[in-house]
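Structure first, commentary second.
Derivation of every value follows stated rules applied to the coordinates shown; laboratory data play no part. The shown structure was predicted, so the numbers you read here are calculated from the model rather than taken from an experiment. We place every Cβ from the backbone using ideal geometry, glycine too, and count neighbours over all the protein chains shown.
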Amino acid sequence: MIYEQLNHQLKLKEIDNTNDIWVRDFMPIQNTIKENVLFRYYPKYLQNKRFIDKISDNVLICNQLSIDCQLSNLILDGGSVVSCNEKFFVSTRVLKDNFRQTQSQIIQQLQSILKSDKIYLIPEAPGDFTGHLDGMLTFIDENTVLVNQYLEEFGTILNTVLKKLGFDIVLFPYQAYQNKTFQSARGVYMNFLKTSNKILLPVFNMPEDDDALKILDNYFPKHEIIPVTCPGLENEGGLVHCITWGD
């Protein structure tokens with residue numbers, strides 16, 4: 001689903017010829033000079049008989065939408081990249097998906113096509129078969145990062161990495177650790193959609209709903225915070241950010 005900002009209103013439209021709903025992953029990523037960069041959409045987690053038919057032809061899709069793109073041979077999902085201006089967080093999953101290349105080679109390619117030397121590899125969460133970042137953290141501004149409040153050891157590891165990189169951290173409610181299966185996205189408040197003047201926040205009828213609303217209202221006072229429930233979507237393993245792509 002593509003969104004556009006028109007007179008401060010959010011306009012949504014569906015994308016044709018896709019093989020699944022996770023458009024964030026196969027649509028382009030914008031670099032620092034506002035070019036659309038289209039990476040290869042061939043993640044390892046979909047390369048089996050059960051999921052192979054879920055891989056959408058992103059070149060075909062962008063052509064039919066008349067979206068001009070710079071093409072990259074790197075395999076990389078849009079959900080594995082979180083950015084703010086010239087700074088890019090990229091999941092370490094990119095190293096596994098492009099295992100024939102060295103880390104240095106991958107970083108050099110990312111720097112070249114994203115037009116930035118501020119590429120930061122961030123460890124993927126254990127148990128998340130996609131290795132995505134957009135359910136883990138996001139930027140509040142260039143120096144401050146909103147991060148899931150993980151209870152397990154991974155939270156300490158992630159926060160240590162971010163602090164060593166020089167970022168300040170704001171913790172955000174996270175209840176997905178209560179799930180019996182990693183596939184459910186219930187409790188992943190981080191997977192919200194932020195536009196120029198609105199934030200669509202997934203809520204789950206949990207006490208933490210109010211905490212998430214208050215934090216976003218505090219750090220994004222110029223945005224209208226809109227709670228949305230999506231029970232069917234959360235059971236598929238993603239939320240609002242995963243199914244949208246736009247300006």
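Worth pointing out:
- Among residues other than Phe154 with Cβ under 11 Å from its Cβ, the summed charge is -4 (Lys and Arg +1, Asp and Glu -1).
- Straight-line reach from Lys44: taking Cα to Cα under 14 Å and skipping same-chain neighbours fewer than 8 places apart, the aspartates and glutamates in range are Asp25, Asp53, Asp77, Asp97, Asp128.
- For the pair Lys44 and Asn197, label points projected 7 Å from Cα toward Cβ lie 4.5 nm apart.
- Residues of type lysines that Lys164 reaches as a straight line, Cα spacing below 24 Å, ignoring anything fewer than 8 places off in the same chain: Lys87, Lys96, Lys115, Lys118
- Charge dipole (the chain, unit charges on Cβ, about Cα centre) - positive-most of Tyr219, Thr156, Gln105: Gln105
- A full extension of the chain between Tyr219 and Asp53 corresponds to an added length of 55.7 nm, given 0.36 nm per residue minus the alpha carbon distance.
- With a cut-off of 13 Å on the backbone N, the residues of the range 65-83 near the modelled label site 7 Å out from Glu35 along Cα-Cβ are 68-73.
- For the range 2-246, the relative contact order is 17 percent, taking Cα pairs closer than 8 Å that sit 6 or more residues apart in sequence and dividing their mean separation by the residue count.
- The per residue volume of the convex hull around the alpha-carbon atoms of the chain is 129 Å³.
- Remark: the Ile226-Lys13 segment gains 74.8 nm on full extension, using 0.36 nm per residue and subtracting the alpha carbon distance.
- Helix-derived mean residue ellipticity, 222 nm - over the chain, DSSP H n ≥ 4, -39500 (n - 2.57), to 500: -6000 deg cm²/dmol
- Counted charge near Asn17, where neighbours are those whose Cβ lies closer than 15 Å (Asp, Glu -1; Lys, Arg +1): -3
- Ignoring aspartates and glutamates fewer than eight residues from Lys11 along the same chain, the ones with Cα atoms less than 12 angstrom from its Cα are Asp247.
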